[in-house]
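Structure first, then comments.
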Amino acid sequence: MVFSVAYNYLRNGALAEEIAQDVFLDLFRNLGSVESGAHLVWWLRRVTVNRCIDRGRKRAFRTEVALEKVAEPSFEDAEQDPMVRESLRKLIAALPERQRAIVILRYQEDLDPAEIAGVLDVPVNTVKSRLHRALGVLREKLERKQRQEARA
Amino acid sequence: MRELEEELREALARIEPPGGFAERVLARTHPRVSARPWYARYGAVAAMIAVTCGLAVVGYQRHVDQERARKLVFALNLTAAKLASIQQRLKTAAPVVRIAQPQGEEL
């Protein structure tokens, strides 16, 4: 979970491992504050996402994968094509930090908006609006490609 | 086009960390002191000892000062009691002596 969130957020294996290690070291130091299994999972998600957001800001990851430069995915054989998934991952990586975190928590960790709000410490409505906006951007980008393919 | 949310779930499927990850984390949880150079270790210990000694000296000095003050107050009380006793004895044993002032002289 920890490595996966970091990897999907940063799209960089070495950085994801570094963050995951730091998170577990943090956990090791704060074991006494963990109250239950559910609290542990919440704590891990929260610390991981916050560290990813901080690291993403420092390294300006958004500039590395600009939304417009991402190759458009093909949908002809979407069921099998791993390139579609990879393109989607790149599109997600190009989202703004908070939107990206929300999308990852929603679709990787399968959290509902209320749970995401608890992890990110923001109002539920903020989560819903950011998620809606992020899905809108992703959908628009994908549909544009579909139209281009239909015309061709 | 498949449902976007379904695509997202597949694209964001969980990824296992690379092999040896747990060992690397465990290695970092071992005492960090041994990873430091000798001068850093001894420096930290020396600093800790210096701080402890400093606190002990300050505490002792405060104790000595308090003891001195207590003794001074005791001595002053004793002196005051002695003086009062002598004054009392002088009053009862000797008549009041008046020194006559020579006429025409001004003090």
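Just so you know, all these numbers are worked out from the coordinates, no wet-lab data involved. Not measured: the values here are computed from a predicted model. Positions of Cβ are backbone-derived with ideal geometry, glycine not excepted, and every protein chain shown enters the neighbour counts.
What's the FRET efficiency of B:Glu67 with B:Leu90 using the Cβ-Cβ distance as r and R₀ = 45 Å, to the nearest 0.05?
0.80
Hey, can you grab everything whose amide H is under 5 Å from the amide H of B:Ile15? Only 5+ residues off in sequence or another chain; H modelled, so Pro and N-termini drop out.
Correct list: A:Ser4.
Stretched out fully, how many nm does the piece from A:Ser36 to A:Arg57 gain, at 0.36 nm a residue minus the Cα gap?
Fully extending the segment from A:Ser36 to A:Arg57 adds 4.4 nm.
Between B:Leu26 and A:Ala114, how high is the FRET efficiency from 1/(1 + (r/R0)^6) when r is the Cβ-Cβ distance and R₀ = 35 Å? Nearest 0.05.
On the way: r = 35 Å, r/R0 = 1.00.
Calculated value: 0.50.
Using the Karplus equation 6.51 cos²θ - 1.76 cosθ + 1.60 (θ = phi - 60°), what ³J(HN,Hα) coupling, rounded to whole Hz, does each residue of segment A:101-118 give in order, writing x for Gly and Pro?
Values, residue by residue: 4, 5, 4, 5, 5, 6, 9, 8, 8, 6, 8, 8, x, 5, 5, 5, 4, x Hz.
Applying the Karplus parametrisation 6.51 cos²θ - 1.76 cosθ + 1.60 with θ = phi - 60° to the phi angles of segment B:6-13, what ³J(HN,Hα) value in whole Hz is obtained for each residue in order, glycine and proline being reported as x?
5, 4, 5, 4, 6, 5, 9, 4
Would you please give the FRET efficiency between A:Asp26 and B:Ala75, computed as 1/(1 + (r/R0)^6) with r the Cβ-Cβ distance and R0 = 41 Å, to the nearest 0.05?
The calculated FRET efficiency here is 0.10.
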